[in-house]
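Below is one structure, written out as structure tokens; the observations come after it.
The values are calculated or read from the model by the stated rules, or taken from the named source; none is laboratory data. Since this is a predicted model, take the numbers as computed values, not measurements. In this analysis, Cβ positions are derived from the backbone assuming ideal geometry, glycine residues included, and neighbour counts consider all displayed protein chains. Just the protein is used for accessible areas: all its heavy atoms, side chains included, with ligands, DNA and RNA removed. Shrake-Rupley method; radii C 1.70, N 1.55, O 1.52, S 1.80 Å.
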Amino acid sequence: MNTQNVAIELDCKQLVDALCHTSLNYFKLGSIVTIYKTLLSICQIVMVYFIRRQTNQVIFVLAFKFH
């Protein structure tokens, strides 16, 4: 698979901050976040972005209609 860039959009600000910054993770998902950060560091073409829930709702409706 030849992928140029991958954008991951999340509506959880705390999770996006944990994935994008090098600070330690002290919340409940800390061990899972550590695993994902390791995977994301291997794949340099992946970017994680925070989007507001209203924006994400549009994608949800489109995905639901085409499912």
Pick from 62, 40: which is open to solvent by less than 80 Å² (accessible area, probe 1.4 Å) and modelled with pLDDT of 75 or more? 40
Quick one: count up the residues across segment 44-55 that are in contact with a strand residue (DSSP E or B) (Cβ under 7 Å, 6 or more places away or on another chain) and either modelled with pLDDT under 75 or part of a loop (DSSP other than H, G, I, E, B) (or both). 2
Determine the pairs where a residue that is closer than 17 Å to residue 50 by Cα and hydrophobic (A, V, I, L, M, F, W, C), located within segment 1-12, has a partner that is open to solvent by 70 Å² or more (accessible area, probe 1.4 Å) and modelled with pLDDT of 70 or more with Cβ atoms under 9 Å apart, the partner being 6 or more residues away or on another chain. 6/47; 7/47; 7/49; 8/47; 8/49; 10/49; 10/50; 12/50
Among the residues of segment 1-30, write down those that are at pLDDT 70 or above, of a type in the set (A, V, I, L, M) and not in a helix (DSSP H, G or I). 6, 7, 8, 10, 29
